Structures are given as C-alpha cells and as structure tokens.
Amino acid sequence: MVDKNEADKIAQQCRAEYNAGLLYRKDREKQWNLVEDFYFNRVKKSLKGKFNVPVPILPGFVDTWQAEQSRHIALKFKQRESADFKSAKKVTALYTTIKNKDDYDWDMVDTDGKKLACMSGRSINKNFAQSKPKFKHTLSPVDHYDFIASATGGGDLERHLYVQEDNVFKGKEELKDGVEQGVYDAGQVEKLINATSADKLIDNDNIYHSKQNRLIALGMNGITFNYAGQSLYKFVEAETTWKGKRYYCLFNVETGMWIRCERLTDVFESDLWWFTSWATNRDTFNFWSKAPCDDMVPMAEMIRILVNQEFDNRNKINYKQRAYDPEIFPDPAKLEWRPDGLVEANRGLGAKKIADGVYEFSTQEFSGTVNLVNWIDQMLKEKTGINSEAQGSTDQDKVGIAYLNVQQSAKRSGLIYESRAKCWQGIGRRFIWGLKEHMRKPMAVNIIGEQGEEWTELFRNEINPEWDIEVEGGDEDVQKDAIQKKEMREMLGTLAPDELAVTSPKWRVKAKLQAIGVEDDDIRSAFDLEGDYNKEILSVASKMIQDVLEGKKVKPFRGATPAFCQKIVDYATDTKLEDADYEMLMALAEVHLPIAAENMARKAVQMQAQRGMMAPPPTATEQLYGEQPAANTPGGTQSQSQQATNLAPRV
C-alpha cells in the first residue's frame with residue numbers, strides 16, 4: 001500500500017478526474033440516448049388525429065452491421081527465438097482453451113462489444129488475471145456509460161493519463177474478506193463503513209442518470225425497482241498517473257475515501273491499463289469518436305417523418321372533412337353512419353337537391369413518398385456498405401455487380417477490423433503477462449504435433465511476455481486462403497504419372513484435405529490412427545505420475561504401451577524433480593516395460609492373423625532391442641533396466 005497521506009492525494013485526484021471525465025462526455029451521452037430511442041422504437045406521444053409510429057430502420061441497421069462484423073479474431077503467439085517454438089505453441093493452445101472455456105466465452109464478449117460499438121462508437125473490455133484459488137484470466141465487457149477516460153488522451157487508450165470504471169459494487173462481507181487477505185486497508189474500510197450507509201438498492205448509474213434511458217425505452221423502471229438482496233457499497237475503479245508513475249485506486253465517489261491504493265505494477269506487473277478498446281470510426285485526438293448509428297439517425301428520422309406524413313394524408317383521404325347546409329339537414333348528428341339509419345332532409349318545397357346539402361373537401365394522394373424513401377435507402381446502401389448482399393439477399397441481376405458490392409463492403413469493414421485487431425493484440429499481451437505473473441503451477445495443454453494430438457504441460461519459466469502476437473481471421477486473410485486453396489486444387493489435378501511416383505502419398509492426402517478447407521490441426525489428428533486409444537493410455541500415465549509424486553501406492557497398469565512408458569520417462573526428464581522423485585518415476589517406467597512389450601506383441605499377432613499371416617512376428621521389444629533374455633532371470637532384469645535407460649534422452 002502507498003503511504004496514507006499520499007494515497008489521500010491520489011484519491012482526491014481520481015475524484016477530480018472522475019468529475020471531469022463525466023462533464024467532458026455529458027453531451028455525447030445525449031446522442032447515445034437518442035440512438036437508443038431509435039433502436040428501441042421509442043417515440044413521443046402524438047397529437048390527437050396525428051400519426052407518430054416508429055419505423056424500425058435503426059434496429060435492422062444495427063443487426064446487419066453487427067452480423068457483417070461477425071468474424072471473430074484468433075491470436076497466435078510467436079516466439080522470437082527458435083528455442084521458444086514449442087513454448088509459444090503451448091501458450092497459444094492455452095489461450096484458445098481459456099478463451100472458449102465458459103458458456104459466456106470471449107467470442108460472446110466480442111459479439112456484445114460490437115453491438116455497443118455500433119451504437120456508441122466504442123467497444124471497451126476489462127482484462128485481469130488472478131492466482132487464487134487458481135489461475136484465471138477474465139475478460140468482461142464494460143458499458144460505455146460506466147467508462148471514463150481523459151479528455152486529451154485521444155484514440156489510443158494507453159496514451160491516456162487516467163482510465164476509470166464506474167458502478168463497481170462490493171458487499172460488506174467482501175470488504176472484510178479483502179481486509180483479512182491484505183488487499184484492502186483495514187482503517188479505510190472501517191472509516192468508509194462508518195461514514196456511509198450500505199444500501200440494498202443499486203443505483204447503477206452516474207449523476208446524470210443517462211444509463212437508465214435504455215430501461216425506460218423498454219418500459220422498465222431501473223431506478224425504483226433495483227433491489228439487490230444484500231447491502232452494497234458503490235466504488236470507482238481507477239487507474240491514474242501520479243508524479244509520472246501509474247497507480248491503482250479503488251475509491252468511493254460520494255466521500256472520496258479509498259480502500260486500496262498502490263502502484264499499478266504491484267497489482268499488474270505489466271504496468272498496462274487493464275482496459276482495452278477499439279473504435280468504429282477511429283479519431284486520433286478524440287476517444288469518444290462517432291458511431292455508425294450517428295450517421296443513420298438523421299436518415300431514420302427522415303424516413304419516419306415521411307411514413308407518418310403518408311399515414312396522416314391517408315387518414316384525411318379515408319375520413320374526409322365535410323360541410324353541410326343546415327337548411328337541408330337541420331340535425332347534423334344524424335349524418336353520422338348507423339345501421340338502417342334515417343336522416344331528416346328539408347328540400348324547401350323541392351327547390352333544393354339533397355346532394356347539394358353536403359360538400360366533401362378533397363385531399364390529394366402523395367405520389368413521391370415511396371420514391372423518396374427508396375432513394376434514401378439506396379443512398380444508405382452506397383454510403384454505409386450495408387447493401388442487399390450484406391443483408392443476405394441481392395437486388396442485382398448480375399452476379400458480378402453483386403460481388404463488387406460485397407468487395408466494397410469488405411473494404412469499409414477492413415478499417416474497423418484494423419482497430420479491432422489492435423485491441424485484441426492488447427488483450428493477448430495482457431493475457432500473457434497474466435500467465436507470467438499469476439500461473440503458480442504447470443498447466444496441462446493439448447497441442448497438435450506432427451504425430452497428432454499430444455498432452456503436455458506449460459511451465460511458468462517458459463513464458464516470455466515480449467513474444468510477438470499475430471492476428472488471424474480477417475477478411476483479407478480469408479480471401480488469400482481461398483485463392484491458395486483454389487490453386488492447390490488445380491495443381492493436384494495436373495500432376496503427371498512421373499510426378500505422382502516421386503511425391504509422398506501422405507503429402508497428397510494432406511494437400512487434398514487442405515484444399516477443401518480442413519484445418520491443419522484436424523489433418524494431423526486424422527493421421528493419428530490410434531488417437532483416442534492413445535489419449536486414454538496417456539491419461540492413465542498422467543494420473544499414475546501424480547499418484548507416485550503424492551506418495552500414493554500404485555498398481556501396475558496391464559494396458560501399458562511404449563507410449564505409456566515414454567510419457568513417464570519424458571515427464572521425469574523434462575520436469576525439474578528431486579532425485580528421489582526422478583528415480584521413482586524411472587522405476588515406474590521400468591516396471592511397465594515388459595507389460596508394454598507383451599501388449600504390443602499380442603496386438604501384432606492379432607493384426608497379422610486378420611491379414612491371414614500365420615507366422616508370429618517378433619515382439620515390439622525384440623524389434624527395438626533384438627532378441628531378449630527370458631523375464632525373471634538375471635539377464636532379463638538387466639535387459640529391462642537397459643531399456644528404461646534407452647527411453648531417456650541422451651545428454
């Protein structure tokens with residue numbers, strides 16, 4: 001923790017930054033509210049006899065725009081030295097596993113962020129890792145209403161002097177647990193609890209209550225009906241620059257009291273803001289840049305006005321205004337339609353006609369509304385790239401024209417993709433720093449090698465936070481890959497007989513699978529003929545290794561194979577173990593060698609019998625080491641010991 005006097009000053013600065021950040025973007029919030037009104041089809045009440053119905057232009061645009069950006073970004077960690085090749089591959093595998101682990105995985109976070117970005121111009125995420133009770137890396141979306149950034153920071157979040165998240169709620173028990181763990185300052189927590197009253201109603205908004213507009217637009221009251229079920233305290237999670245260094249501060253806005261204040265490097269070793277963000281319309285000098293919906297709102301308003309004017313005019317045509325002659329119709333109330341109605345008429349001794357007693361005022365039909373709406377729609381398609389092809393249909397007769405429309409749309413999306421890619425590289429950087437800082441014990445990962453799938457372990461000392469991070473999954477990459485696959489298919493069809501004779505059949509099968517879009521990992525798994533069987537065997541070996549290291553008694557595994565023994569030997573030699581643990585694992589492998597040899601010999605006999613071969617083949621041990629002495633003899637014991645030594649890597 002920082003010295004309390006200095007922490008008070010830092011908290012005071014954070015509080016001033018909070019107020020400045022809210023005031024800076026206050027008018028921008030009004031535009032967000034307007035966009036939400038259009039998205040949720042919220043309109044003002046109309047005058048009597050006038051139409052003011054919503055026209056769902058913006059909802060369709062948001063859904064189509066979000067679908068157009070639906071391709072998720074994949075990251076690949078690249079080593080800077082050849083010695084780190086496998087380690088980087090293991091980190092990539094672990095990242096992919098964690099990214100897709102939960103029901104609300106990181107791809108869904110990305111999808112939700114795209115919708116917020118379309119409406120506000122910004123997608124914001126919070127990234128952090130923890131080691132207790134075990135390693136966990138969290139990526140969660142941040143509402144743009146809750147995020148506060150410096151006014152002069154510009155489009156790159158790392159250049160900002162401060163970043164904050166509002167509406168962070170913590171219960172009294174959570175605060176007490178934090179004090180016991182040394183996370184929160186005990187004196188400050190006690191002062192805060194005595195100075196403020198906990199509330200079971202969550203005011204999940206800022207002082208301008210702009211955030212509630214979403215719920216109000218849907219007819220819900222989030223201000224009155226916000227019961228939480230437990231007593232909660234409201235905080236702001238802030239990261240700021242103080243005397244040229246970055247600090248972390250968790251404080252209460254109403255009182256200005258902090259409960260945690262320390263150097264950012266003591267919380268996150270990387271010293272990076274734990275927030276990442278990307279923009280739809282990046283502005284170098286303004287973080288809160290415009291959104292796609294900002295361009296759509298005026299057009300949607302025009303169409304709404306035109307449609308409602310058409311309805312008003314149709315209403316006038318259907319329910320015309322009339323004038324009547326009171327001398328002919330003394331009681332005008334009887335002119336209203338009713339079943340089998342009789343109307344008294346006074347013709348004045350036949351001098352007047354009944355038809356002259358009522359006059360209808362005519363209203364002309366609008367003839368240009370449809371044309372004007374179609375013109376606006378066509379202009380939107382051209383200027384936004386959200387054309388018929390992006391919406392899942394085509395209004396073009398020629399396929400070539402439709403293809404060009406898709407290409408133009410992809411070019412516009414490329415600008416957005418570039419911003420997203422930089423953001424996800426930042427997420428990857430924080431992920432690898434989180435691994436380096438918080439991974440306390442090795443983690444099992446499943447990687448694809450040249451021989452198929454293999455389980456291995458990632459150790460903390462293998463990780464280098466300075467590795468390069470490559471982004472995969474963009475439209476340009478997909479197009480290049482499609483061209484390469486097309487050329488591959490054409491090349492395979494032109495191979496001459498002499499070329500077929502000198503090329504590997506395995507390579508040709510691999511090339512065919514690649515040409516139809518099968519992933520490399522799946523191709524390697526396809527060549528692993530006994531993949532599932534080996535996975536089960538290696539799983540038993542891993543469990544047995546754990547039991548031996550924990551001092552548990554183990555029984556010999558009767559299904560052991562050479563791969564089973566090799567797994568044990570590899571773990572013993574690749575892992576930093578005490579001499580006693582190393583010897584136990586090597587002895588375990590030695591015990592299973594004759595079992596593995598017997599199982600392999602039995603399997604070979606079965607395979608040859610299926611092929612109609614009568615002569616028994618040599619055993620797997622004989623194939624590797626030649627003819628072996630009988631088991632349970634001095635020579636046999638010496639031979640098995642030598643086999644275990646041969647399995648270990650030579651130094």
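The values are calculated or read from the model by the stated rules, or taken from the named source; none is laboratory data. In this text, all values refer to a predicted model and were calculated from it rather than measured experimentally. Every residue, glycine among them, receives a Cβ derived from its backbone with ideal geometry; neighbour counts consider all protein chains shown. Ligands, DNA and RNA are excluded from the accessible area calculation, which covers all protein heavy atoms including side chains. Shrake-Rupley method; radii C 1.70, N 1.55, O 1.52, S 1.80 Å.
Worth pointing out:
- Computed over the range 262-368, the percent of Cα pairs more than 25 Å apart is 63.
- Cα-projected label distance for Val605 with Phe366, points at 7 Å along beta-carbon direction, nm: 9.1 nm
- Low-density loop positions, chymotrypsin sites (Phe, Trp or Tyr not before Pro), the range 69-176 - DSSP coil, at most 13 other Cβ in 10 Å: Tyr104
- Over the range 93-153, accessible surface divided per residue gives 38 Å², non-protein components excluded, 1.4 Å probe.
- Overall shape: oblate for the range 322-365, with the ratio a/c of the largest to smallest alpha carbon gyration tensor axis at 1.5 or above and b/c at least equal to a/b.
- Cα shape, the range 98-191, gyration tensor, a/c 1.5 rule: oblate
- Calculated from backbone phi, Karplus (6.51, -1.76, 1.60) coupling profile of the range 579-588 in Hz, x at Gly/Pro: 4, 5, 5, 4, 5, 5, 5, 5, 5, 4
- The range 88-138 and the range 416-450: distance between their alpha carbon centers, rounded to Å: 10 Å
- Taking label points 7 Å from Cα along the Cα-to-Cβ direction, Ala496 and Asp295 give a separation of 5.4 nm.
- Between Glu418 and Glu190, the simple label model (points 7 Å from Cα in the Cβ direction) yields a spacing of 5.7 nm.
- For the range 128-138, 3J(HN,Hα) per residue [Karplus equation, 6.51 cos²θ - 1.76 cosθ + 1.60, θ = phi - 60°, Hz, x = Gly/Pro]: 7, 10, 9, 10, 10, x, 8, 4, 8, 10, 10
- Listed residue pairs exceeding 30 Å between alpha carbons, taken from Lys441/Lys553; Lys86/Lys555; Lys89/Lys552: Lys86/Lys555; Lys89/Lys552
- Simple Cβ-charge dipole of the range 1-52, Lys/Arg +1 and Asp/Glu -1, about Cα centre, in debye nearest 20: 660 debye
- Shown in residue order for the range 489-506 are the 3J(HN,Hα) couplings computed by the Karplus curve 6.51 cos²θ - 1.76 cosθ + 1.60 at θ = phi - 60°: 4, 5, 5, 5, x, 10, 5, 7, x, 5, 6, 5, 5, 9, 10, 6, x, 5 Hz (x for Gly and Pro).
- Distance violations [Cα-Cα > 29 Å] among Lys30/Lys101; Lys45/Lys381; Lys132/Lys234; Lys30/Lys381; Lys136/Lys422; Lys436/Lys576: Lys30/Lys101; Lys45/Lys381
- Nearby lysines by direct alpha-carbon distance to Lys9 (threshold 18 angstrom, same-chain neighbours under 8 apart not counted): Lys191, Lys243, Lys245
- Prolate/oblate/rounded call for the range 1-111, Cα gyration tensor, a/c under 1.5 rounded: oblate
- Built amide H within the under 5 Å cut-off of Val253, gap 5+: Val236
- Cut-off under 5 Å, modelled amide H: who pairs with Met443 long-range: Leu458
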